Amino acid sequence: MSEKTILKLQLPTDPNWVKNVVESNIEEILTDHAFCEQKAASNAITLIVQNPNLSDLVQEMAALVQEEMDHFKRVHDIILERGYVLGRERKDNYVNELVKFMKKGGNRNEQLIDRLLFAAMIEARSCERFKVLSENINDKQLSEFYHELMVSEATHYATFIRLARKYTEGIDVDKRWKEFLDYEAQVIQNYGKRETIHG
């Protein structure tokens, strides 16, 4: 998988993040990952609550909620297997910075498209991070686990992009997505130094 061609991310994660940060903080990264899955489920629920009239979207988000919570449980199972306890939720500064880029106000369709692209952006970066983890972590169980989830996150990313194109009303989705990518490229420069999925 090439992030340049599929995910369009402009700045790749340095593989040294895995060796220098993640491997000495496995418990921390697993706790953060668990909450990332929970937040992804919450975002899908928000999309359902805000757009109950869009039956196809509701169906797809309902399925996504189930999948994200299944991932949450699987991460939590690994935490328990290793004798850890799920820690408290970590603040996700990366996601909070992406929230700032979402359009405030506007009509319901503009808000929907931005939330879908916001979700696609998080899934794209998570997919890229899982790829880096799967290829560089010296832990067979986690390498296989993150490879599996990388594929899942790529599917979620594609789902959100597809839905944005489906429900757009006069919005140039490709142009807005390029704006998200340009903004994310600036934001991500400050990350890749902490024991969190987006940190």
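The values are calculated or read from the model by the stated rules, or taken from the named source; none is laboratory data. Treat the numbers as computed from the prediction; the structure is a model and nothing was measured. With ideal geometry, Cβ positions are generated from the backbone for all residues, glycine too; neighbour counts draw on all protein chains shown.
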Discussion item. Within the range 26-42, does at least one residue satisfy the condition of being within 22 Å of Phe160 (Cα to Cα) and free of Cβ contacts under 8 Å to residues at least 24 places away in the same chain?
Written reply: yes
Item to complete: Looking at (1) crowded, with 17+ Cβ neighbours inside 10 Å; (2) assigned to a helix (DSSP H, G or I), find the lone condition where Ile171 falls short.
Response: (2)
Worksheet entry | Residue, surrounded by the most Cβ atoms within 10 Å (Cβ to Cβ), within the range 93-103, restricted to residues that are in contact (Cβ under 8 Å) with a residue 12 or more places away in the chain and more than 23 Å from Lys19 (Cβ to Cβ) | Leu98
Practice prompt. From the list Leu57, Leu30, pick out the single residue that is among the hydrophobic types (A, V, I, L, M, F, W, C), part of a helix (DSSP H, G or I) and more than 16 Å from the chain's Cα centre (by Cα).
Written response: Leu57
Worksheet item: Which condition number does Leu57 fail, the rest of (1) surrounded by 14 or more Cβ atoms within 10 Å (Cβ to Cβ); (2) more than 20 Å from Asp114 (Cβ to Cβ); (3) of a type outside the set (Val, Ile, Thr); (4) at pLDDT 95 or above being met?
Response: (2)
Worksheet, complete the sentence: Selection over the range 133-159 where residues are farther than 22 Å from Trp177 by Cβ and more than 12 Å from the chain's Cα centre (by Cα) yields a count of 16
Worksheet item: With Arg129, Arg74, Arg90, Arg115 as the choices, which residue is under 18 Å from Arg165 (Cβ atoms) and charged (D, E, K, R)?
Response: Arg115
Worksheet item: From Thr196, Thr159, which residue is buried (at least 18 other Cβ atoms within 10 Å of the Cβ) and at pLDDT below 95?
Response: Thr196
Worksheet item: Out of all the residues in the range 104-142, which are in a helix (DSSP H, G or I) and surrounded by fewer than 16 Cβ atoms within 10 Å (Cβ to Cβ)?
Response: Arg108, Asn109, Glu135, Lys140, Gln141
Worksheet item: more than 23 Å from Ile29 (Cβ to Cβ), touching a Leu at 6+ places or on another chain (Cβ under 7 Å) and either in contact (Cβ under 8 Å) with a residue 12 or more places away in the chain or surrounded by 18 or more Cβ atoms within 10 Å (Cβ to Cβ) (or both) - does that describe any residue in the range 65-87?
Response: no
Discussion item. It is to be established whether one or more residues within the range 26-36 are touching a Leu at 6+ places or on another chain (Cβ under 9 Å) and small (Gly, Ala, Ser).
Written reply: yes
